[in-house]
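The values are calculated or read from the model by the stated rules, or taken from the named source; none is laboratory data. Source: prediction; values computed, not measured. Positions of Cβ are backbone-derived with ideal geometry, glycine not excepted, and every protein chain shown enters the neighbour counts. What goes into the accessible areas is simple: the full protein's heavy atoms, side chains included, and nothing from ligands, DNA or RNA. Shrake-Rupley method; radii C 1.70, N 1.55, O 1.52, S 1.80 Å.
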Amino acid sequence: MQPLRRIAVTVIEEEEGAYRWRLVELEGEGWHVLSQQARSMKSYKAAMAAGLLELQKMVDDLDIGPREDEPEPAKAKKKSGSVFGFGFGLPKMG
C-alpha cells in the first residue's frame, strides 16, 4: 500500500469576516496549495467544514485515506532482432 499523502485543510481570513478554505500538501520541505475556495464565507466554521468536504471528495476510500499514486510499472526493454519461442531466434530457412 502506498504511503498517505500529507494533505491539510487550512482556513485563511482575507479580511474580517471573509474566510476561505485551502487544501495544502507537504512536499519536500514546504507546503504547496492544491486547491482553494473561490468565494469567501462568513465564518471560519463554515469555511473549515466546506474544506473538509472538499478533501473527502479527493479520497476514494475514507477508511484508508488519501494515498500516493501507484508507480508506473517499468517497461521491459525490447531486444533487437527477431525472436521466436523461448528467445532462440527464428529458424533459418534454406
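For the stretch 12-56, GluC sites (Glu not before Pro) are listed when DSSP marks them as loop and at most 16 other Cβ atoms sit within 10 Å of their Cβ; the list is 16, 29. Legend: calculated FRET efficiency, residue 46 to residue 5, from the Cβ-Cβ distance at R0 = 30 Å, rounded to 0.05, equals 0.75. Using the Cβ-Cβ distance between residue 18 and residue 53 with R0 set to 22 Å, the FRET efficiency from 1/(1 + (r/R0)^6) comes to roughly 0.70.
Shape index of the stretch 1-71: Rg/Rh, with Rg the Cα radius of gyration and Rh the Kirkwood radius from the inverse mean 1/r over Cα pairs, equals 1.03. For the set 6, 67, solvent exposure ranked by accessible area (probe 1.4 Å, protein chains only) runs largest to smallest as 6, 67.
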